[in-house]
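Worksheet: one structure, shown below.
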Amino acid sequence: DASTYRRMAEQIASTGEYGGAFYQPPLYPAFLAVLVRMDLGSPWAVAIAQSLLGAAVAAMLAVAGARLASGDGLASERNVGLAAGLAAALYGPLVLFDLEVLPPALVHALLAGALLCALRARARPDVLDGLGGLLVGAAVTGWGPSLVFGLALPLHRLRHAASRGARALIAAIWIACMVPPVALTASHNARHDGEGVLVSFNDGINLFLGNNPGWRDTWRARPGAAFEPELERPDREGVTRPADRSRYFVGRVWRDVAERPGAAAARTGEKLYYAWHGREVRRNQDIDYLRERSPVLHALTWEAGLLFPFGLLAPLALSGFVRRRRDADTRIALGAVLAYSVVLAVFFVSSRYRLPMALWLLPFAADEGLALAGERPRALLRWIPFAAALVVLNLPNAFTASFAADPVERAVLEAHAWRNQGEPDRAASLAEALAADHPDDPNVQMLLAEVHFAAGRCDRAVPAFERVVELAPRASTPRVMLGQCLEELGDPPGAERAYAGALALHPYHPVALKSAAALYLRFGRSGEARVLLRRFVAQGYDDPEVIRWLR
């Protein structure tokens with residue numbers, strides 16, 4: 001994901017164009033593109049910028065904690081606010097994802113700002129209501145499920161409205177200001193064969209990964225030779241338009257739900273438990289490896305019976321919700337967090353997807369922690385909700401433990417990380433050593449091939465690509481890249497065979513179609529090139545160069 005966001009940011013920074021419909025939400029690559037244009041696109045510059053956003057989030061949660069404190073008086077508000085801010089500053093997953101080239105740091109800053117706009121005891125609407133709606137709308141273009149909190153936040157404001165008319169106006173302002181950012185992304189998608197896609201068309205594949213007969217395996221799947229054929233399934237069947245690709249996967253999910261409703265309900269309930277379980281479920285990051293290498297993360301995220309920090313945060317917040325259940329702000333926050341966790345359960349859970357929950361839980365957890373600390377030792381009944389949640393949410397779980405990366409995947413992730421840090425030689429050295437130890441792993445061979453390909457060393461990339469083709473015969477991308485390398489090395493017949501192999505697997509692969517057509521045009525085989533170019537256009541791919549060739 002980090003590599004994809006970087007490539008998109010570089011494209012936006014250099015051309016001002018996003019390209020086709022958004023496969024991933026567009027806000028974060030636009031943010032990166034701004035940093036690139038300001039000559040702040042290096043890994044360290046991005047990390048520093050995002051860490052500043054993380055610091056702002058901690059400060060905003062300190063203010064939110066003070067406003068949500070249950071005790072009376074300035075001292076109580078000050079103590080809860082300070083505890084919430086410190087907890088946010090030291091919350092290990094927030095620290096981790098402030099340093100990743102991923103959307104959380106930006107999205108969290110927007111959501112925390114919207115939370116402050118909502119937690120105000122103003123009787124009449126004002127400009128901050130419009131700002132709050134705008135911040136939520138922007139957050140949705142960076143992470144779609146943010147909409148759940150966007151719909152809940154105005155309820156905090158409506159509690160303090162002076163009249164029914166004021167409530168209606170506040171709600172209208174929030175919603176009206178939420179709409180423009182989302183409308184802009186939806187309009188862009190509609191102009192690029194993404195009709196009906198509000199933010200990004202990866203929703204379909206993400207829904208499928210967590211909802212199919214083999215959902216445990218697909219949930220744990222990582223980008224690579226084995227995953228690619230599943231991702232390309234609709235494309236191989238001629239379903240290539242972005243909106244249709246998303247609907248293809250949604251259709252597969254609905255068919256499974258219709259055929260096995262009991263299994264669908266059971267897995268959703270199980271995933272809902274994982275949304276609240278203490279363990280940090282990885283996606284494409286190896287959290288355990290990063291924790292081993294970083295003393296800071298090692299101190300802020302650990303497992304020793306207690307799954308720290310979420311295994312403590314969630315029980316404290318839930319205990320606070322129980323204690324404060326008659327408070328309107330508490331009920332709104334609990335409803336929003338529960339609704340968000342259900343959305344995660346419908347798709348699948350991971351550490352970074354769960355982080356927006358933590359923004360709402362931290363103030364309540366800080367308030368409850370201070371309240372419990374101030375209780376008399378004899379008030380044991382007050383500790384029962386916390387103790388019960390602490391046990392249930394920290395139970396050992398074999399399935400979530402199985403997400404840990406094995407040594408080979410860990411080494412592949414490290415090599416990709418060095419590539420993203422602008423250290424291609426270090427990545428290549430690691431890839432060479434890994435390939436020598438694991439010559440029969442397709443993902444290792446693909447890593448080696450990609451590293452050499454990116455460095456312009458096709459003579460060294462070709463053997464690795466050929467090995468990937470042997471080990472993962474259903475994957476089309478290594479065949480396409482092999483063809484491009486063979487062309488560069490002056491072997492047109494070999495390139496033609498590679499492209500033909502890719503198109504036999506994936507008849508509508510856009511890069512294979514265009515590359516093969518360009519090869520045919522170079523050698524005057526215009527009839528064969530025309531067939532491929534017409535197929536390219538018929539599938540809805542948008543490329544001005546292809547149109548020019550056809551003309």
Reduced to Cα centres, the span from segment 476-545 to segment 241-297 in Å works out to 35
For the chain, longest principal axis from Cα atoms; helix 146-158 axis from its Cα atoms; angle between them, nearest 10 degrees, is 30
Rounded to the nearest Å, the spacing of the alpha-carbon centers of segment 422-438 and segment 20-55 is 27
By the Cα gyration tensor axes a ≥ b ≥ c (a/c under 1.5 gives rounded; else a/b larger than b/c gives prolate, otherwise oblate), the shape of segment 356-502 is prolate
Checked segment 247-319 with the C-alpha gyration tensor, a ≥ b ≥ c its square-rooted eigenvalues, rounded below a/c of 1.5, otherwise prolate if a/b is larger than b/c and oblate if not; verdict oblate
Dimensionless Rg/Rh of segment 469-551, both radii on Cα and Rh by Kirkwood, sits at 0.96
From highest to lowest solvent-accessible area (probe 1.4 Å; ligands, DNA and RNA excluded), 368, 488, 232, 496 read 488, 496, 232, 368
If one compares the long axis through the Cα atoms of helix 351-373 with the longest principal axis of the Cα atoms of the chain, the angle in degrees, nearest 10, works out at 20
A 1.4 Å probe over the protein heavy atoms gives segment 1-138 a carbon and sulfur accessible-area percentage of 65
Longest principal axis of the chain (C-alpha) makes with the long axis of helix 164-191 (C-alpha) an angle, in degrees to the nearest 10, of 10
Order by accessible surface, 1.4 Å probe, largest leading, for residues 184, 134 comes to 184, 134
Descending accessible area (1.4 Å probe), largest on the left, turns 273, 28 into 273, 28
A 1.4 Å probe over the protein heavy atoms gives segment 262-413 a carbon and sulfur accessible-area percentage of 69
Dividing the surface of the Cα convex hull of the chain by four yields a projected area in nm² of 27.8
The set of cysteines in the chain having no other cysteine's C-beta under 4.7 Å reads 117, 177
With only helices counted (DSSP H, runs n ≥ 4, each -39500 (n - 2.57)), the per-residue ellipticity at 222 nm for the chain, to the nearest 500, works out to -22500 deg cm²/dmol
For the chain, averaging the sequence separation of alpha carbon pairs under 8 Å that lie six or more residues apart and dividing by its residue count, the contact order in percent is 13
Note on segment 196-350: alpha-carbon gyration tensor, axes a ≥ b ≥ c; rule is a/c under 1.5 for rounded, else prolate if a/b larger than b/c, else oblate; result oblate
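The values are calculated or read from the model by the stated rules, or taken from the named source; none is laboratory data. In this text, all values refer to a predicted model and were calculated from it rather than measured experimentally. Please note: Cβ atoms are built from the backbone with ideal geometry, for glycine as well, and neighbour counts cover all protein chains shown. When the accessible area is computed, the model is the full protein with side chains, heavy atoms only, and any ligands, DNA or RNA have been set aside. Shrake-Rupley method; radii C 1.70, N 1.55, O 1.52, S 1.80 Å.
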